[in-house]
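Read the structure below first, then the notes.
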């Protein structure tokens, strides 16, 4: 007889391939309501992702991290406290008891996502616990590891979107920054974002799905409750607010860092587009409900204003940005730290004039009913509620609605030319590629308004941009109207060329010159002698024979290709 736990694991594993297509946690569905929402997650993993940690499947921290990422499937994932081999307690045994280098941690994150041979653990074993094993078809291939560390750990961000230089500084990401004083904006002090830095990564989002791109920030502010700890956290958050407002918003101008106070070299040459939001997250180490002051999340979203409102916030329009109030879906607890019953230290902030929050939540396996556990957690060999015990923080997740793109444009019709005549019964239609296209729809109709189409087909965005109309679709001597529509998330756009027409040649006009004459008879005779099933098979019976000759003779006598 199976144990209750074994039976549960088998049941969950059997459902592991179920699509995470909607939000219904009570029914094991933790996915996005809309596939085009951008899911962001921030996770303090308490040193568990480091090169010397064991990477074999088991009731261990590595597997616990992997199954949680697989269950949540974020589009962008910020993790802090990464690369600390000493803090994880595995460095001394493996002979590397220090913070991972950028390359070493990058390799480790790739192993976490896709497995492979582990070069950093004795014996070079094959990794058996990894995200894509538990969530086939899902991946975060674009990895940025901060070059800033505090001799213990680093900040990292992984994404399904490719990194891209959005502000013209010839970089796709930075690990930290330094500010000089600005007398015109006195709310911050000169300095950096703290000893761990604060990363910003720039991402190119698909133009057919989104109206803009994305900048993702992330970091880990100083812990502790001493006076200096509080001061350091506040100073760092104020500097982060200024950096966002100056570099990405241009302090309300069209020039990045107009007061030249940010240490960005090369310097950026443009601010973000009006539809490209900055979203940032991490372990801010203060609960805004209990800290008794305007803390990091408030400063980073409001900037200089001590109260809500004003025109000096960090949003793209310089209003206040927002920060989350995420809760456990089952307990409504806002706690993101395992050791405290109601202590929210981890936050996600966003420019709410661009990005709209659909929902956010705290992911806490220890409070989930067995009937709500995501299928991916079944791959953890122990009891699912123990998964939370491997880290002292819980993941915070937010789904954002991002701006839709403009309609597609620029896909011009090419051939057949408008009003072309005497075409073969299977003409090839072609068009040029457009921009912001998910796919194309070719429509052919006998009506000028394209109603009641005789042929419709979809073509991928990559083409091909020419295709032959299938056999037995068009009629001899028929006049047809056609166009190509381009589709994307915003809808469908007709070709700028409009609607074109063409006419199919007469049934026996084999050389398509508009007449049925001796030249056509020569072609028919060749087809008849060769028993061809095309060209001379006018009645479509699969043969070129006497019945076809009767049809040809009738057309020849009329000396017309089409009436």
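Any read-out appearing in this document is the output of simple, stated calculations on the displayed coordinates, not a laboratory observation. On a predicted model such as this, the values are computed, not experimentally measured, just so you know. All Cβ positions, glycine included, derive from the backbone under ideal geometry; neighbour counts span all protein chains shown.
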| query | Could you work out the helix-only [θ] at 222 nm for the chain, with each DSSP H run of four or more residues adding -39,500 (n - 2.57) and the total divided by the number of residues, to the nearest 500 deg cm²/dmol? | reply | -5000 deg cm²/dmol
| the stretch 171-209 versus the stretch 366-415: alpha-carbon centroid distance in Å | 27
| Angle between the chain longest axis and helix 546-558 axis [Cα atoms, degrees, rounded to 10] | 70
| query | Taking other Cβ within 10 Å of each residue's Cβ, how do 368, 216 sort, fewest first? | reply | 368, 216
| field | Sequence of 164, 495 once ranked by neighbouring C-beta atoms within 10 Å, starting from the fewest | value | 164, 495
| field | Sorted by Cβ neighbour density within 10 Å, fewest at the top, the residues 537, 33 | value | 33, 537
| request: Quote the Stokes-Einstein diffusion coefficient, in whole µm² s⁻¹, for the chain, based on the Kirkwood radius over alpha carbon pairs, a temperature of 20 °C and a viscosity of 1.002 mPa s. | output: 78
| message | Let me test this: with uniform point scatterers at the alpha carbons of the stretch 189-321, what is the Debye-based log₁₀ I(q)/I(0) at q = 0.11, 0.21, 0.22, 0.23 1/Å? | response | -0.39, -1.31, -1.40, -1.49
| remark: Rounded to the nearest 10 degrees, the helix 227-243 long axis (Cα) sits at an angle to the longest Cα principal axis of the chain of 30
| query | Label 7 Å along Cα→Cβ of residue 547; the stretch 442-475 residues with amide nitrogen under 18 Å? | reply | 472
| message | Taking 8 Å as the Cα distance limit and 6 or more residues as the minimum spacing, I'd like the relative contact order of the chain as a percentage. | response | 12
| task | Give me the number: length gained by fully extending residue 497 to residue 467, i.e. 0.36 nm times residue separation minus the C-alpha to C-alpha distance, one decimal in nm. | result | 9.0 nm
| request: Report the calculated FRET efficiency for residue 359 and residue 290 (r = Cβ-Cβ distance, R0 = 22 Å), to the nearest 0.05. | output: 0.40
| query | Hey, what angle do you get for helix 102-114 against the long axis of the chain, alpha-carbon based, 0 to 90 degrees rounded to 10? | reply | 60
| Label residue 98 and residue 414 with points 7 Å out from Cα along Cα→Cβ: what is the distance between them in nm? | 5.8
| query | Fully extended, how many nm does the chain gain between residue 475 and residue 26 (0.36 nm per residue separation, minus their Cα-Cα distance)? | reply | 156.0 nm
| task | Note down the nm distance, to one decimal, between modelled labels 7 Å out along Cα→Cβ at residue 441 and at residue 117. | result | 5.1
| query | Among 418-428, 266-276, 447-457, how do they line up from the highest to the lowest mean number of other beta-carbon atoms within 10 Å? | reply | 266-276, 418-428, 447-457
